[in-house]
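Note sheet for the following structure.
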Amino acid sequence: MIHRHKETRQDHVQQNQERDVRFCVSCGGQLERKNPYLYQCSSCKRTYYISANRKHRISVRLSAGRVILFCAIAAIVITALAMMGYQYYTGRLVVSASRFCVVFRDFLIEAYEKPVAEIRAEDLARIRYLKIERDKKYRFTYSYEDYYGFQDADSFEKTLQVIEIAGRTEDFSPTNVQYFTGLTRLELYTEGWENYVLPKGNELRGIVCVDGLSKYGTPQFFQAVNPDTLEEVVLLGAEGRKDFSFMEQLRGVKRLTLSEATLPDEGLLDGFDNLEELYLYYVVTEEEEAAAILERFLLLPSLKHFYIEGKTAWYITKEQWTNWEKIYGNRILLERK
């Protein structure tokens, strides 16, 4: 009797178990029992596993074909995402690299020894001194040290590095200077300074440039100087220049050098109340106007050193020069050559 009773309970549990998994939850098809713990849908072939503790659990057991299919789909999705990520990344690299013209690009690749697209703004900001010249090649002289942090030129020269890049005029863009945001001194010997673009928010203390008049020039170059930091401006080769309106942007400088410029009759340095040193090389004036123009410079309140070289210097008579030495010599060092 006891044996028969146990047999009846097992049959009852098994019948309840079979009722619980009679139909496929995916397609509603009839389930076929494969073994005591495994059922399979007769329609979609989905398999169902019944655990040993008699709780019904649906398995994710798939045929080899379906495994391959799902793996293929997963691979396609992953590949697509990877391609999208790569395109986004390379797109950003292309945009980054496209900022630079051919000459600047080659200079940066050699200076930083890595692809130009990987050169960050922080890298460019490390360059504190930059001189650009052009003869047969573009010559970049640069330093990561501050020019104004050295007391003598010899010590600073030891920090300089030089890279020469072959390139045509059309391969060079002066606007690329704007990315060197850490500059404290910039020297441009490639002519056409008006075409250059200074970095926004720069801390430039000194600018040297060769005039090189250009019909494409823009007066916005000196509008971007920082009046709180700029101390020195050297304007070379200014022969033929008639428009000196840009000088209004330079009234805060302490040292000014002009070469080969035709000095206007009056007003060139009006408002330069902070000017301490003035150097004039081969400037041009009418002989009868030279004394009046130069004495106007000597009247600048902060001037401490006045140097003039060339023909205009000798338009001043010996007597006039001696008189200036008596009047201004106690506060201004007067030199002519």
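Just one of the listed residues (239, 194) is in the same structural domain as residue 136 (by TED's automatic domain parsing), buried (at least 17 other Cβ atoms within 10 Å of the Cβ), in contact (Cβ under 8 Å) with a residue 12 or more places away in the chain and charged (D, E, K, R), namely 194.
Here residue 187 fits the description: touching a strand residue (DSSP E or B) at 6+ places or on another chain (Cβ under 8 Å), at negative phi, acidic (Asp, Glu) and in contact (Cβ under 8 Å) with a residue 40 or more places away in the chain.
The condition of being touching a helix residue (DSSP H, G or I) at 6+ places or on another chain (Cβ under 6 Å) and in contact (Cβ under 8 Å) with a residue 12 or more places away in the chain holds for residue 298. Residue count for the stretch 251-298 satisfying the condition of being touching a strand residue (DSSP E or B) at 6+ places or on another chain (Cβ under 8 Å), assigned to a helix (DSSP H, G or I) and surrounded by fewer than 19 Cβ atoms within 10 Å (Cβ to Cβ): 1. Cβ-Cβ contacts under 7 Å between residues 6 or more apart (or on different chains), taken from a first residue in the stretch 103-114 that is more than 18 Å from residue 125 (Cβ to Cβ) and surrounded by fewer than 17 Cβ atoms within 10 Å (Cβ to Cβ) to a second residue that is modelled with pLDDT of 95 or more and not small (Gly, Ala, Ser), are listed as 110/163.
If you go through the stretch 214-252 and keep only what is at pLDDT below 85 and either within 14 Å of residue 272 (Cβ to Cβ) or under 26 Å from the mean Cα position of the chain (by Cα) (or both), you end up with 214, 216, 217, 218, 219, 220.
The number of residues in the stretch 123-134 that are without any contact (Cβ under 8 Å) to a residue 40 or more places away in the chain and either among the β-branched types (Val, Ile, Thr) or touching an Asp or Glu at 6+ places or on another chain (Cβ under 9 Å) (or both) comes to 0.
The residues of the stretch 141-163 that are in contact with a strand residue (DSSP E or B) (Cβ under 6 Å, 6 or more places away or on another chain) and buried (at least 16 other Cβ atoms within 10 Å of the Cβ), listed by number, are 141, 142, 143, 147, 159, 163.
With respect to residue 132, is the statement that it is buried (at least 17 other Cβ atoms within 10 Å of the Cβ), at negative phi and in a loop (DSSP other than H, G, I, E, B) true? Break it down stepwise before answering.
Working: buried (at least 17 other Cβ atoms within 10 Å of the Cβ): yes; at negative phi: yes; in a loop (DSSP other than H, G, I, E, B): no.
So residue 132 fails the test.
The values are calculated or read from the model by the stated rules, or taken from the named source; none is laboratory data. Quantities reported herein were computed from a predicted structural model and do not represent experimental measurements. Cβ atoms come from the backbone with ideal geometry, glycine included; neighbour counts cover every protein chain shown.
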